[in-house]
Each structure stands twice: as C-alpha cells, then as structure tokens.
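All of the numbers you see were taken from the coordinates with simple rules; none came from a lab. Please read all numbers here as calculations on a predicted model, not as lab measurements. Positions of Cβ are generated from backbone atoms using ideal geometry, with glycine treated the same way; all protein chains shown enter the neighbour counts.
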Amino acid sequence: MFVTKKAIARRTVLRGLGVTLALPWLDAMVPAFTAFAKSDAVPPRRFGVFYVPNGMSMGYWLPKSEGPLTELPPTLQTLAKFKDRVALIGGLAGDAANKVKGAGAHSRSSGTFLTCVPFQAITDANVIAATTMDQLVAKAFGKDTELRSIELGLESADILGACDGASCALTNTIAWSGPTTPLPIENDPRSVFERLFGMSGSTDPAARQARLKRNQSMLDVLTKQIARLTTALGPRDQAKFDEYLEGIRDVERRIQKAEQQNARELPVIDQPVGIPTDYNEHATLMMDLLVLAYQTDLTRVSTFMLAREVSSRAYPEIGVSDSHHPLSHHANEPAKLERLHKVNEYHFRQFAHLVDRLAAIPEGDGTMFDHSLFLYGTGISDSNTHFYDDLPIAIVSGKKVAIDTNRYVRYPQGTPLANLHVALLDKLGVEVEKFGDSNGKLPLIQGSGLTGL
C-alpha cells in the first residue's frame, strides 16, 4: 500500500456548477500510520440484496450434493471463477408468506422476503408491513454515508393500486424503512446518475441544449479541480483515479446514447428519461451505477430487483419468447423448465457482472468485492406450486468477510429464513436478539465481524 504523509480526507469531494464528485477509496486516504481514526483507514463494509421474481427452476439451481462445491449449478455458472466465494443454502422457509391473508402468492413473496413478518393489506394504498433487514443495516451504516441506502430495479415502480391481490407497493419494492413506508425502486439510469453526482436538468429542449453546449460531460466542469488533485496522488492512486473517471465518462456516454435512442421527443418533466429497451444493456448500466455508488462510498447498502413479481417480460434475446410469469407455471414440463432456467440464468448473469466489476477494483489490501457481502434469492422456490419453503438462496461474499463459503448447506426443512437474516445482521455488526419469525441464528456464518477490523 502507498503511504504518504499528505493525507486526503476520506470525504473529499470536487464541486462545480451543480456537480458533486465524490472520490473513490485512494491509498492517499490512509495517512501515515495514526493520522486518522481506525475506521477511516479500513475500507468500508457493503451489503446488497438481489431479488428475482416468479420462483426458480429448482433443478437447475440446486447443487448435486451437500458439502463442498465441486462446481456451481447451471443457473450460477457465470460466477464460476468466484466459486470459492459462494455459499448455497437449502431448507430455509418463508413461513410469514403463508400467514398473510387476502393477498396473492407473489405479493406475499416479495412483501415478506426481507421482513419475515406477515403484512396486513388493509387497502390498496394502506399497508402495514415491517422494517426490512437491509434497512437495519442502512440505519447503522448510513451514519457514515450521504445516502443511507439505494433501491434499484429494472421494471417500472409507477404501477399503483392493486397488484396480485394486494397493494402494488408490495411488488414494486422489497425495502421498507418502516411498517408503512415502502422505499420505491429507481429504474431510470439518468435519475440514478444525477442522484449520485448532483446533476440537475430538464427535458425542456432549450434548457437541455444549453446544458449540453455548456457541459458535454460533468467532468468537464471539474477539469481544474481534477488536475490539482492528480498532482497530489501517487502513481497507483493516479491510475485508480483515472480508471474511476473513465468509468464515469463511460456511464455518461451510455446514458446519453439511451436518451438519443428512446427519448427523442420528451414531454417537459424534471428529469430526462433514458431507459435502454435492451434488458442486458439496462441491467449492466444499472449495475455499473451501483459500482460507482459503492466506489464513492455514497452508500453501502442496496437492494436490486431484477424484475417485479408477476413480471410478464419476455426474453427473446436468449431464446425465450414466453412471458416470464406464465412460463413460471411450467406444470413440470421439461421444455418449460429449461426455458425458465434460461431466464433465471440471465438474471444471475447480470449480478455476476457486478461481482466482476467490484473484484477488478483495488481497495485497501484487496478489492472492493473483498469487503462486500451479497444476498441473492427469491421468496418462492417452485414457481408452479408457489412454495415458500426450501428457498433458493445464495450468499456471495468477499475474502475479508468471515463467512464459510464454497459449499452447499442444507438446514432442517422449515428453518426460518429470518434465522439467516439474524446471522447476516450479526456479521454486519448489527446485533438483534430476534428478527421477524426467527428462532435462532444460522451457524453458517463463522467468526464475528470482518477480518482486519
């Protein structure tokens, strides 16, 4: 690690004309030995939840046997090079979904996945749920970040009223900051970008044109500040900073391209809309924005819905012309199960891109991925029967997280999903005696805290 007597404050930002550019983790932020507190000298912990809807083609998800993973099952193959960082868990049940009254199977799945508490759907617009486990982490981690958490997704959350027999809020998001406060996802890359970097704009043609003429890139506004900062960085930090800036420029270019393709004539609204029509392009762009949010330490907690429950999106680009939800009612037909697997694998492929990106970015004595912990899964196992038991759950964690990985562990059938949440909360330094319908803490997670802390 490069250590210098000139330390850059961890919260240094560059500002200009509505732009706020936070810095990534740099070696120069670790001063000579004792200048900063210990918490400033160690890369931050991060936690993310990735949710997929409509159940899983379980035969392609489950490993062949318990114990060490000789290989990842077909659905997870895109993460094969990180096999030793994956723990697959079987036997967990979301019994809270069974106890919900008067709501459809899918709203019960997403509505209880991170609460493990039955919600009460009093009216379409009035729901009593519970605080989700990610928001307990966000409350603890948010003391040190600008954003407590960020909620992302790939399908619109503008659907209101009743969805699957309950409030659409229960299928639009999996994150709740309180029993009556859902946190809506954001699926517009431009809105996410401007939230992260303080850019403001309008879709009024004259206003947009003036802004484009004045500033083709937010980085152009900060040229002088960037130059001054660069002179204070060592060679390794310079390379890291240059890579970070190129990442921002790349995201900007891709957002602008999407706007040119999909928003040539926009109504005058507060923010331009530039959502790629291609699922993979959209997902990759949103994952890269999440990388930037983590890299600048604007937030350390996220949820990401790769699609909404009851999603009817088709995926012809991977040879699946069926709508996702009808396909999930596969009636155990092998051909339908295979096509459903293709959708499941396609979703997981987007998550694998995020892991690849984080693993390629140096941070402290490792990489950004090394200090990250992710939960990937869904609240329905067999989508044909809408079972809430033996849920498909994967934990993906970096090397600095003291979790036993590279194995498939089955717990007694019916073990509460909440027991996993208690264990993850404990691992992230958020101690709770009980969460949801928990009756213990999974022994999957060994040690306490993160190594190096």
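Of all GluC sites (Glu not before Pro) in region 351-453, which ones are in loop regions per DSSP and have a Cβ with at most 13 other Cβ atoms within 10 Å? Listed in order of number, the matching sites are GLU431, GLU433. Once the C-beta distance of SER323 and THR231 is scaled by a Förster radius of 56 Å, the resulting FRET efficiency is 0.50 to the nearest 0.05. Distance distribution note for region 368-451: the fraction of Cα pairs above 14 angstrom is 65%.
Gain on full extension, evaluated as 0.36 nm per residue between VAL409 and SER217 minus their Cα-Cα distance, stands at 64.3 nm. Sparsely packed loop sites in region 43-97 (the trypsin sites (Lys or Arg not before Pro) outside DSSP H, G, I, E and B with at most 13 other Cβ atoms within 10 Å) comprise LYS64. For THR180 and GLU281, the difference between the fully extended length at 0.36 nm per residue and the C-alpha to C-alpha distance is 33.0 nm. Extension gain for ASP84 to ASP426 (0.36 nm times residue separation, less C-alpha to C-alpha distance): 120.9 nm.
Among LEU391, THR367, PHE351, which residue has its Cα furthest toward the positive end of the charge dipole of region 336-441, with +1 on Lys/Arg Cβ and -1 on Asp/Glu Cβ? Result: PHE351.
Can you flag which of LYS224/LYS257; LYS139/LYS434; LYS83/LYS139 are past 20 Å Cα-Cα?
LYS224/LYS257; LYS83/LYS139, as the Cα separations exceed 20 Å there.
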